[in-house]
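The values are calculated or read from the model by the stated rules, or taken from the named source; none is laboratory data. Keep in mind that what you see is a predicted model, and the values were worked out from it rather than measured. For neighbour counting, all protein chains shown are included, and Cβ atoms are generated from backbone atoms with ideal geometry for every residue, glycine included. Side chains are part of the model used for accessible areas, which takes the heavy atoms of the whole protein and leaves out ligands, DNA and RNA. Shrake-Rupley method; radii C 1.70, N 1.55, O 1.52, S 1.80 Å.
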Amino acid sequence: MAIQQFDNELTIMRTANTEVVAPVIEGLSSSSIILSTLNSKYIHSSLGLRYLYANLKDLQANCEVKEFVIHTRPLDIVEQILAANPTIVGFGVYIWNIIETTNVVSLLKVIAPHVKIILGGPEVSYESESQPIVQTADYVLTGEADISFYDLCRDILSDNAPDIKVIKSKPVDLKNLEMPYQYYSDEDLKNRLLYVEASRGCPFKCEFCLSSLDTKSNPYELTAFLKQMETLYQRGARNFKFIDRTFNLDIKTSLQIMQFFLDRMTEDLYLHFEVVPDHLPRKLKEMLALFPENTLQFEIGIQTFDQEVQTNISRKQNNPKSKENLIWLKENTTAHIHADLIFGLPGETFETFKDSFDQLYACKPHEIQMGILKRLKGSPIIRHTENFDLRFNPLPPFNILSTDRVDFATMQLVNRFARYWDMIGNSGRFKHTLDLLLADKPFDNFMAISNWIFDETGQTHKINLKRLYELISQSVFALFPEQHSLVLPQLEKDYQASGLKSIFNTLNLYQAQKKDSNKPSKLLQRQKQHMS
């Protein structure tokens, strides 16, 4: 899939099939309303902004959507927003963009204090009043703001603005919502992930997740939803990421959606679903087995296999059935399986987490995403703070720093483990080597390798790929010398598949390089260039 690397801003352009909207409101500029958010990467697109845009009714003609990425300078974002001379700017705020969005909002209020700032999104929907970004902005819409954003904009533009800052959105009936999919541009379809949802909400109560606050899962009317998918497909969309929290909850609906895409199968079609691990009935299994290679990805939340921890976080999960289904998926489908674990849950110890990792690794998912517990504002996990001495980072991403069972030093070890695991275990670059490295003690062996690499480099980032191959070989030589001769041929296969041009045998595979303390300092390099 082609990815545009250096496009810091995206403006929604109307597609040919966009319905005619009401005339422009008299006296308003063409972009009186700007809808914006800062995505983590260009490849992501904001479904939330498109929902707001789709439901702006008579104000839609006066609105423009501008998406940015978090690495863009705040001043440059502000400049582009103000170039449209807006009256109102709305921001979608999330845990991954709260710092950058706060900086942008602060600048906007200094440069253009007359512009009304409206915030929405999960990060500002709870504990709102205490947040600096809320104190700077004019309004906050908590909850689902698809309709309330229109109401607030209408009031502001009609000189009838409310005198309260934090406004709670009323529950949304999905039947009354305009779907947003026509507002994905042709460029989105070619270069970005398309987020879609066949339902909202989640019936489960896992306390680390904000979806636990939902009362149930609410589906869209299926015929109308599939009509939207058909339109996207006919326009060339081939990459669909479903954000439904429980895609396989209603099997009848799941089967119809899967059949829809199976009937339109092409070589470049790719579907992503979040799947409940212990709910794969026979009919769904039969259909999943029909999909060809490189078309399905399943994100499967395991989080922990420890029953005491599951009870603490109100998670109901049939562990034997979950493992059985993971193994079945790996052996009987070509789906890419991405399974999740969370470290730092209340009641979890280093040993119980190790056991969960080993059990999950035995199921052979393609990736094990090791998440570190985060304090999502509003999530019920907060109720355990005192009883389990949960200590969270006060700065984003609000990750757990220690608990009554896991001290800070151990938490750091697992953080580094997770980072190296992503580089080595999840990357797909070490398919031949990984099982030999981990043998019959996956967690213990990889922890030893993780500690060795960090002791040697002091780095968890900016390790180039060639150096990573050297470090793996050197760590095995140092830690498991009897295995080194067996690992090297497999590591060479992986190295040759990597596309690196240097010859494997020229790498430093045995001995870690000693640091040269006599190496000239680079501190004065710039100054010396001026003297030469």
Response to the item:
Contact list, first residue from the stretch 103-123 and free of Cβ contacts under 8 Å to residues at least 24 places away in the same chain, second anywhere and part of a helix (DSSP H, G or I), beta-carbon distance below 7 Å, six or more apart or interchain, is none
Fill in: Long-range neighbours under 7 Å by Cβ, at least six apart or interchain, first residue on the phi > 0 side of the Ramachandran plot within the stretch 392-412, second of a type in the set (Phe, Trp, Tyr) and open to solvent by less than 40 Å² (accessible area, probe 1.4 Å)
PHE398/PHE392
Worksheet item: In the stretch 153-187, which residues are touching an Asp or Glu at 6+ places or on another chain (Cβ under 6 Å) and modelled with pLDDT under 95?
Response: VAL172
Response to the item:
Of the residues in the stretch 271-286 that are without any contact (Cβ under 8 Å) to a residue 40 or more places away in the chain and surrounded by fewer than 16 Cβ atoms within 10 Å (Cβ to Cβ), the one that is farthest from PRO365 (Cα to Cα) is LYS283
Fill in: Any chance SER169 is closer than 30 Å to ILE382 by Cβ, in contact with a helix residue (DSSP H, G or I) (Cβ under 8 Å, 6 or more places away or on another chain) and open to solvent by less than 30 Å² (accessible area, probe 1.4 Å)
yes
Fill in: Residue list for the stretch 247-270, filter: under 14 Å from ALA198 (Cα atoms) and either touching a Ser or Thr at 6+ places or on another chain (Cβ under 6 Å) or open to solvent by 10 Å² or more (accessible area, probe 1.4 Å) (or both)
PHE247, ASN248, LEU249, ASP250, ILE251, LYS252, THR253, LEU255, GLN256, PHE260
Practice prompt. Write out, first by first residue and then by second, each pair whose Cβ atoms fall under 6 Å of each other, whose residues are 6+ apart or on separate chains, and whose first residue, in the stretch 327-342, is farther than 22 Å from TRP421 by Cα while the second is among the acidic types (Asp, Glu) and in a loop (DSSP other than H, G, I, E, B).
Written response: THR334/GLU293
Item to complete: Could you tell me whether the stretch 219-233 includes any residue that is part of a loop (DSSP other than H, G, I, E, B) and surrounded by 18 or more Cβ atoms within 10 Å (Cβ to Cβ)?
Response: yes
Discussion item. Would you confirm, using the coordinates I've provided, whether GLU100 is in contact with a His (Cβ under 9 Å, 6 or more places away or on another chain), buried (at least 19 other Cβ atoms within 10 Å of the Cβ) and at pLDDT 95 or above?
Written reply: yes
Practice prompt. Mind counting the residues in the stretch 59-75 that are in a helix (DSSP H, G or I), open to solvent by 10 Å² or more (accessible area, probe 1.4 Å) and out of contact with any Leu (no Cβ under 6 Å at 6 or more places or on another chain)?
Written response: 2
Practice prompt. Tally the residues that are under 20 Å from ILE99 (Cβ atoms), of a type in the set (S, T, N, Q) and surrounded by fewer than 23 Cβ atoms within 10 Å (Cβ to Cβ), restricting the search to the stretch 121-155.
Written response: 5
